[in-house]
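The values are calculated or read from the model by the stated rules, or taken from the named source; none is laboratory data. The shown structure was predicted, so the numbers you read here are calculated from the model rather than taken from an experiment. Every residue, glycine among them, receives a Cβ derived from its backbone with ideal geometry; neighbour counts consider all protein chains shown. Ligands, DNA and RNA are stripped out before the accessible areas are found, and what is left, the full protein with its side chains, is counted by its heavy atoms. Shrake-Rupley method; radii C 1.70, N 1.55, O 1.52, S 1.80 Å.
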Amino acid sequence: MKKKSLMTLLAVMLALSVALVGCGKSEKTSSGGKGGTSSQSTLVYGRGGDSVALDPATVTDGESLKVTKNIFDTLLDYNEGDTSVQPGLAEKWDISPDGLTYTFTLRQGVKFHDGTDFNAEAVVFNFERWANGNADQFPYYGSMFGGYKNDESHVIKEVKALDDHTVQFVLKRPQAPFLKNLAMPPFAIASPAAIEKYGDKFAENPVGTGPFVFKEWKRNERIVLEKNKDYWMKGYPKLNQLIFVSIPDNSARLNALLKGEIDLMEDVNPLDLKQVEENKDFQVFKRPSMNVGYVGLTATRGPLKNKLVRQALNYAVDKQALIDAFYAGQAEPAKNPMPPSIPGYNDAIQDYPFDLKKAKQLLAQAGYPNGFEMELWAMPVPRQYMPDAKKIAEALQANFAKIGVKAKIVTYEWATYLDKAAKGEADSFLLGWTGDNGDADNFLYALLDKDSIGSNNYTYYSNEELHKILVEAQTVSDENKRNELYKKAQEIIKEDAPWIPLVHSTPLLAGKTTIKNFNPHPTGTDKFTKVEIQ
């Protein structure tokens, strides 16, 4: 048994080394019979954690969606540098004057990776699948479309195929961010045949129409994607292979880059920025900031049920000290649950200042003059909005101790962490959010509305007045009126304090200077269609 295990281990190591040896090496190949040549190669992307699953509709974590973004396409997509909408699998669309009917003309001649046809029926199949599910199965769907088929708040009344290349959505009420929602990675169109073939195993055997085809997944090691030679965007992708390698430790990931074991890495620790900038063989990429890192305070658990307790914890946090210690200037303090770059941001709100005396007064007023004990969950992986959750948790723990709150730091494996937090099992927890579509709805409704409890509202916070405002904001087409509603919503959230908003960070990536046409997207999910190594 020992000899056999050793041979298996050697085989795995050899396979990984073969994959990594090709990093950055370009190979000249024919460019489709026109007599020219193009540089095509393998790119190895080092990241902080593994994916949870590769069915984009079933996940909420960025580690999953950054992979599925390259396997699947959505009906609409975002522009390369922002969240304005452009054609995807749908070439064009019409909207009825009342804002209730959207008719999409689909791209013809597109096939799924399994060879089956992409058509209107495939679109209907996917949306019916999600609408007939629930928050456990398809969490993003409920967050963005008001629930599921039998819910009164569900926005989509009907999705129907008018012909092979025309699909129509009929809504129950107008939804201002509807087009932006359709462009989000969780609403990518998957092969109906593959879903029926693999069933529950589809999340490990993803089949889309995207620029790369799923090849292999070794848990907590790597995911290998290969060029879709029949991709509908002619001449793309440029890369032959795209490999996502999981290296949780920031320093180890940077060392892998410096030693040439990977080509590109995410979540560069801000404290290491200077080291990369001074090395002529590497370049730094700064992702446009559209995120928030926060402490969630689960409003259904123990002392945290009391608004005064949640406010007290807000007063006990020195955000600037956290930024100085862990972000090296690559972040700004957060006072709202959405970043200043999002329309509707309320800059007039005054943040909770760092005031331990005020925090103690509020605890006493709430009936906890000697404090209390709670758990503080820290993510096991670095995120764009939080490069080192454990150290930040330790700093928060020290501050909370000063007001008598004993916070026990707890962590779990990443998928377990997300699952248990989504079920409301944490007292307080570190997490964050990178905007999916550039709309305030994607922060406030998705993360803090009562409709999103069980999906992305991990604090289980519910406020009826807030809910009415957020639903109204979805139905209003006047941008000025929408923005005023969102500003009011932020005032309510500030008062109820279900979060301690910590920071809005500038995510850092680093890669070899040979990487061309890589432009990190504000949403945090990058499509590598046009990226090449020269």
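Only one of these is surrounded by 14 or more Cβ atoms within 10 Å (Cβ to Cβ), assigned to a helix (DSSP H, G or I) and among the small types (Gly, Ala, Ser): ALA256, ALA252. Name it.
Details: ALA252 fails: surrounded by 14 or more Cβ atoms within 10 Å (Cβ to Cβ).
On inspection, the qualifying residue turns out to be ALA256.
In the stretch 179-215, what residues are assigned to a loop (DSSP other than H, G, I, E, B) and closer than 22 Å to THR42 by Cα? Spell out the reasoning first.
First, pick out the residues of the stretch 179-215 that are assigned to a loop (DSSP other than H, G, I, E, B): 183-184, 188-191, 205-211.
Scanning the stretch 179-215 gives ASN205, PRO206, VAL207, GLY208, THR209, GLY210, PRO211.
Scan the stretch 227-244 for residues that are of a type outside the set (S, T, N, Q) and within 17 Å of LYS530 (Cβ to Cβ) and jot them down. Can you show your working first?
Applying the first criterion (of a type outside the set (S, T, N, Q)) to the stretch 227-244 yields 227, 229-239, 242-244.
LYS227, LYS229, TYR231, TRP232, MET233, LYS234, GLY235, TYR236, PRO237, LYS238, LEU239, LEU242 - these are the residues of the stretch 227-244 that are of a type outside the set (S, T, N, Q) and within 17 Å of LYS530 (Cβ to Cβ).
Quick check: is even one residue across the stretch 161-169 within 22 Å of LYS468 (Cβ to Cβ) and open to solvent by less than 10 Å² (accessible area, probe 1.4 Å)? Can you show your working first?
Keep residues of the stretch 161-169 that are within 22 Å of LYS468 (Cβ to Cβ), which gives none.
No, there is no match, as no residue in the stretch 161-169 is within 22 Å of LYS468 (Cβ to Cβ) and open to solvent by less than 10 Å² (accessible area, probe 1.4 Å).
Just to check your reading of the model, which residue among ILE493, ILE500 is closer than 24 Å to TYR385 by Cβ, part of a strand (DSSP E or B) and open to solvent by less than 30 Å² (accessible area, probe 1.4 Å)?
ILE500
Consider GLY146 carefully, then state whether it is touching a residue at least 12 places away in the same chain (Cβ under 8 Å), open to solvent by less than 20 Å² (accessible area, probe 1.4 Å) and at positive phi. Can you show your working first?
On the way: touching a residue at least 12 places away in the same chain (Cβ under 8 Å): yes; open to solvent by less than 20 Å² (accessible area, probe 1.4 Å): yes; at positive phi: yes.
Here the answer is yes, as GLY146 does meet what is asked.
Identify the residue in the stretch 271-326 that is in a loop (DSSP other than H, G, I, E, B) and hydrophobic (A, V, I, L, M, F, W, C) and, among all such residues, is nearest to GLU495 (Cα to Cα).
Step one: list which residues in the stretch 271-326 are in a loop (DSSP other than H, G, I, E, B), which gives 278-281, 287-290, 298-301, 306, 316-318.
Next cut, hydrophobic (A, V, I, L, M, F, W, C) only: 290, 299, 316-317.
Working: MET290: 23, ALA299: 13, ALA316: 16, VAL317: 16 Å.
Here the residue is ALA299.
For the stretch 349-408, which residues satisfy the criterion of being in contact with a Leu (Cβ under 8 Å, 6 or more places away or on another chain), basic (Lys, Arg) and closer than 18 Å to ASP318 by Cβ?
Selection gives LYS402 alone.
Does any residue of the stretch 154-175 turn out to be small (Gly, Ala, Ser), over 24 Å from ASP526 (Cβ atoms) and in contact with a Ser or Thr (Cβ under 8 Å, 6 or more places away or on another chain)? Spell out the reasoning first.
Start the filter on the stretch 154-175 by keeping residues that are small (Gly, Ala, Ser), which leaves 161.
Okay, now just the ones that are also over 24 Å from ASP526 (Cβ atoms), so 161.
Narrowing further to those that are in contact with a Ser or Thr (Cβ under 8 Å, 6 or more places away or on another chain): none.
No, the conditions are met nowhere in the stretch 154-175.
Look at the stretch 221-239 and say how many of its residues are in contact with a Leu (Cβ under 9 Å, 6 or more places away or on another chain), open to solvent by 30 Å² or more (accessible area, probe 1.4 Å) and under 18 Å from PHE518 (Cβ atoms). Walk me through how you get there before you give the answer.
Residues of the stretch 221-239 in contact with a Leu (Cβ under 9 Å, 6 or more places away or on another chain): 221-227, 232, 239.
Those still in the list that are open to solvent by 30 Å² or more (accessible area, probe 1.4 Å) too: 221, 226-227, 232.
If we keep only those that are under 18 Å from PHE518 (Cβ atoms) as well, we get 227.
Result for the stretch 221-239: 1.
So, in the stretch 249-289, exactly how many residues are of a type in the set (D, E, K, R) and either under 23 Å from GLY435 (Cβ atoms) or touching a Ser or Thr at 6+ places or on another chain (Cβ under 7 Å) (or both)?
Residues in the stretch 249-289 being of a type in the set (D, E, K, R) and either under 23 Å from GLY435 (Cβ atoms) or touching a Ser or Thr at 6+ places or on another chain (Cβ under 7 Å) (or both): 5 in total.
Would you be able to say whether some residue in the stretch 95-118 is under 21 Å from the mean Cα position of the chain (by Cα) and either under 18 Å from ALA188 (Cβ atoms) or open to solvent by 30 Å² or more (accessible area, probe 1.4 Å) (or both)? First the steps, then the outcome.
Going residue by residue through the stretch 95-118, those that are under 21 Å from the mean Cα position of the chain (by Cα) are none.
Among the residues of the stretch 95-118, not one is under 21 Å from the mean Cα position of the chain (by Cα) and either under 18 Å from ALA188 (Cβ atoms) or open to solvent by 30 Å² or more (accessible area, probe 1.4 Å) (or both), which makes the answer no.
Any idea how many residues of the stretch 280-315 are among the aliphatic types (A, V, I, L, M), open to solvent by less than 10 Å² (accessible area, probe 1.4 Å) and more than 26 Å from ASP267 (Cα to Cα)? Break it down into steps so the answer makes sense when it comes.
To start, the set of residues in the stretch 280-315 that are among the aliphatic types (A, V, I, L, M) comprises 284, 290, 292, 295, 297, 299, 304, 308-309, 312-313.
Subset that is open to solvent by less than 10 Å² (accessible area, probe 1.4 Å): 292, 295, 297, 304, 309, 312-313.
Filter again for more than 26 Å from ASP267 (Cα to Cα), leaving 304, 309, 312-313.
So the answer is 4.
Look through VAL268, VAL245 and report the one residue that is within 29 Å of LYS218 (Cβ to Cβ), at pLDDT below 95 and either among the basic types (Lys, Arg) or surrounded by 17 or more Cβ atoms within 10 Å (Cβ to Cβ) (or both). It would help to see each step written out before you state the result.
Details: VAL245 fails: at pLDDT below 95.
One residue alone meets the criteria, VAL268.
Mind checking which residues of the stretch 52-94 are under 16 Å from LYS527 (Cα atoms), in a loop (DSSP other than H, G, I, E, B), modelled with pLDDT of 95 or more and small (Gly, Ala, Ser)?
GLY88
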